[in-house]
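For reference, the structure discussed in these notes is given below.
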Amino acid sequence: MLPRERVIHVIEHRKPDRVPLYGWVKENLTPQITEVYGSVENFEDRFEFDFAHIFGGPPAWDAEALEDLRTHLGRDPEPPEVLDLPVPDPDDPARYQDIREQIRHHREERGRFVYVQTPGFFEGYNDHFSIENHLMHLLLFPDALHELYRRRKDWDIAFAMNCLDLGADMIHLSDDWGAQHGLMFNPGTWREMIFPYHKAVAEAVQDRGGYVSLHSDGNILPVMDGILEIGYHVVHPWQESAGMSLAHFKKNYSRHFTVMGGLDIQTTLGFGKRDHLVNEIERVMRLGADGGVLFCTTHYVQDHCTMEELTLAFETAYEMSRKACA
């Protein structure tokens, strides 16, 4: 089974020949990985990663204009003050060259499943307002936020269509909603302010035959009914350190979507607890042996993780991904 085929098997609720593997290792550990393996690409090849997380393309907002506005105001802007900021063109073909090159490397040359990240709606405006202010703005400026979210929805759909045209398999909306024990805001607020825009992007991607995934850290169980209604194929990271057990997922939700995750960077990887690390990987692989899990880190591996521990983690995952399905 080829890597891309293996991932699609899991997303479509079929048993793979082995649990698919990936890890968010590049962001903080490129120099360390390069010193040991020669490059991150060599590391990915050594452990036969099955899928790839792609960033790039045009920016979703004009960072220079935003900073000019912030300087003019002497503070973070409020939603009505952002309405006149320019929105970068999502259809500028020159801005997609990096995505083209990554798709060529991962999908065309290595047969991997590829997914492209795009900003969600709450997370996507936190650079404008800060998280704390944005939480207040949900109550104070709902009309202005609806307009900003509508514009972001249109931008995300255009971006997604362009990425699908280039060969991306899945569009990954990153939109952190969760804290350690629940949502950062009321589920009713989420339903009114956030849900409609995720639903629109997901439907547009699905209508094109693409897969669509959600990234949200923290505990998002209070809005699981809405997530099911949106129809995400994949949810990342299903954060067990925030009270969301994979056993609960397998029992209650695995017929609806697939979890991408299993290797928790808050509690498991990077803390020198070698036995705990190995045991956790083995547990996750057993849970994913009949499908339902795309093995991955729950977020970027942090730079306090040693290369010895990173190597142990992926040697264990490489071995167990095969043994668990045998």
message = Please pick out the residue among Asp62, Asp89, Asp154, Asp98 that is farther than 30 Å from Phe43 by Cβ and under 22 Å from the mean Cα position of the chain (by Cα).
response = Asp154
query = Only one of (1) in contact with a helix residue (DSSP H, G or I) (Cβ under 8 Å, 6 or more places away or on another chain); (2) in a strand (DSSP E or B); (3) of a type outside the set (A, V, I, L, M) is not met by Lys250, so which one is it?
reply = (2)
task = Return yes when Arg191 is surrounded by fewer than 15 Cβ atoms within 10 Å (Cβ to Cβ) and not in a helix (DSSP H, G or I) and no when it is not.
result = no
task = Give the residue, chosen from Tyr115, Tyr96, Tyr22, that is crowded, with 16+ Cβ neighbours inside 10 Å, over 28 Å from Asp264 (Cβ atoms) and among the hydroxyl-bearing types (Ser, Thr, Tyr).
result = Tyr96
Which numbered condition His299 misses (of (1) assigned to a helix (DSSP H, G or I); (2) under 21 Å from Phe122 (Cα atoms)) = (1)
Counted residues, the range 60-71 - those being surrounded by 15 or more Cβ atoms within 10 Å (Cβ to Cβ) and of a type outside the set (Phe, Trp, Tyr) = 4
request  = Could you list all residues from the range 113-139 that are in contact (Cβ under 8 Å) with a residue 12 or more places away in the chain and among the aliphatic types (A, V, I, L, M)?
outcome  = Val114, Val116, Ile131, Leu135, Leu138, Leu139
key: Which listed residue is within 14 Å of the chain's Cα centre (by Cα) and not in a loop (DSSP other than H, G, I, E, B), from Val205, Val201, Val212, Val223   = Val212
ask   = Out of Gly292, Gly272, which single residue is among the small types (Gly, Ala, Ser), surrounded by fewer than 24 Cβ atoms within 10 Å (Cβ to Cβ) and either under 22 Å from the mean Cα position of the chain (by Cα) or closer than 20 Å to Phe51 by Cβ (or both)?
value = Gly292
task = For the range 22-33, indicate whether the set of residues that are assigned to a loop (DSSP other than H, G, I, E, B), in contact with a strand residue (DSSP E or B) (Cβ under 8 Å, 6 or more places away or on another chain) and hydroxyl-bearing (Ser, Thr, Tyr) is non-empty.
result = yes
The range 229-247: number of residues that are hydrophobic (A, V, I, L, M, F, W, C), over 11 Å from Gly261 (Cβ atoms) and out of contact with any His (no Cβ under 9 Å at 6 or more places or on another chain) = 1
key: Contacts under 8 angstrom Cβ, first residue in the range 161-177 being assigned to a loop (DSSP other than H, G, I, E, B), partner buried (at least 19 other Cβ atoms within 10 Å of the Cβ) and hydroxyl-bearing (Ser, Thr, Tyr), 6 or more apart   = Ala168/Tyr115; Asp169/Tyr115; Asp169/Tyr211; Asp175/Ser216; Asp176/Ser216; Trp177/Ser216
ask   = Restricting the first residue to the range 88-112 and requiring it to be more than 30 Å from Glu64 (Cβ to Cβ), which pairs with a second residue that is at pLDDT below 95 and not aliphatic (A, V, I, L, M) meet a Cβ separation below 8 Å and a spacing of at least six or different chains?
value = none
message = Among the residues in the range 72-88, are any surrounded by 15 or more Cβ atoms within 10 Å (Cβ to Cβ) and touching a strand residue (DSSP E or B) at 6+ places or on another chain (Cβ under 8 Å)?
response = no
message = Of everything in the range 67-108, what is assigned to a loop (DSSP other than H, G, I, E, B), among the acidic types (Asp, Glu) and farther than 14 Å from Asn162 by Cα? Give them in sequence order.
response = Asp76, Glu78, Asp84
message = Among the residues in the range 195-212, are any under 20 Å from His146 (Cα atoms), at pLDDT below 95 and among the aromatic types (Phe, Trp, Tyr)?
response = no
inquiry  = As an exercise: evaluate Arg4 against (1) among the charged types (D, E, K, R); (2) farther than 21 Å from His106 by Cα; (3) part of a helix (DSSP H, G or I) and give the number of the one condition it does not meet.
reply    = (2)
query = Residues of the range 208-248 being among the acidic types (Asp, Glu) and either free of Cβ contacts under 8 Å to residues at least 60 places away in the same chain or farther than 15 Å from Leu183 by Cα (or both), which ones?
reply = Asp225, Glu229, Glu240
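The values are calculated or read from the model by the stated rules, or taken from the named source; none is laboratory data. Nothing here was measured: the structure is a model prediction, and the numbers come from that model. So basically every Cβ, Gly included, is an ideal-geometry build from the backbone, and we count neighbours across all protein chains shown.
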